[in-house]
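See below for the structure under consideration.
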Amino acid sequence: MDIDMNTESKVVPTQMQRLSWQCRRGLYELDVLFQYYLEHQFALASATEQDQFASLLQQQDDQLQAWLLEGAEPDPALSVIVTTLRQTRVTGT
């Protein structure tokens, strides 16, 4: 999924709404992690990382749980975003 970005790296509001909806998962821990990343880090991320985040949201919850919460080796195509999310410290929730 290509995210339309202008030179100031701003994301189109409808794309943010779609991503926010996709952040809602069957596991609370994933909901919190994804929503926090979207609100606090996504707009600052590279286009590649943004594309990986959008692709990551297409994965099944059990796979996401294994990669992000249990430390399983991620799909190589998603390794950058998985590493970033593993290092994300959610605050203020």
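The values are calculated or read from the model by the stated rules, or taken from the named source; none is laboratory data. Fair warning: this is a prediction, and the values are worked out from it, not measured in the lab. Because the Cβ atoms are built from the backbone with ideal geometry, glycine has one as well, and the counts that use them run over all protein chains shown. For the accessible areas, the whole protein counts, side chains as well, though only heavy atoms, and no ligand, DNA or RNA atoms are used. Shrake-Rupley method; radii C 1.70, N 1.55, O 1.52, S 1.80 Å.
Within segment 58-81, can one find any residue that is in contact with a strand residue (DSSP E or B) (Cβ under 9 Å, 6 or more places away or on another chain) and of a type in the set (S, T, N, Q)? Step through it out loud before you land on a result.
Our first condition is that a residue be in contact with a strand residue (DSSP E or B) (Cβ under 9 Å, 6 or more places away or on another chain); within segment 58-81, this holds for none.
No, every residue in segment 58-81 fails to be in contact with a strand residue (DSSP E or B) (Cβ under 9 Å, 6 or more places away or on another chain) and of a type in the set (S, T, N, Q).
Just wondering, is there one or more residues in segment 75-84 that are surrounded by 12 or more Cβ atoms within 10 Å (Cβ to Cβ) and part of a loop (DSSP other than H, G, I, E, B)?
Among the residues of segment 75-84, at least one is surrounded by 12 or more Cβ atoms within 10 Å (Cβ to Cβ) and part of a loop (DSSP other than H, G, I, E, B), which makes the answer yes.
What number goes with the only condition from (1) open to solvent by 10 Å² or more (accessible area, probe 1.4 Å); (2) within 12 Å of the chain's Cα centre (by Cα); (3) touching a residue at least 12 places away in the same chain (Cβ under 8 Å) that ARG24 does not pass?
Only one criterion in (1) open to solvent by 10 Å² or more (accessible area, probe 1.4 Å); (2) within 12 Å of the chain's Cα centre (by Cα); (3) touching a residue at least 12 places away in the same chain (Cβ under 8 Å) is unmet by ARG24, namely (3).
Quick grid of which residues meet (1) at pLDDT below 95; (2) over 16 Å from CYS23 (Cβ atoms):
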position: HIS40; (1), (2): yes, no
position: THR48; (1), (2): yes, yes
position: SER55; (1), (2): no, no
position: ALA66; (1), (2): no, yes
position: GLY71; (1), (2): yes, yes
position: VAL82; (1), (2): no, no
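Scanning segment 37-63 for residues that are open to solvent by less than 40 Å² (accessible area, probe 1.4 Å) and of a type in the set (S, T, N, Q), which turns out nearest to PRO13 (Cα to Cα)?
Among those residues, the one meeting the criterion is GLN50.
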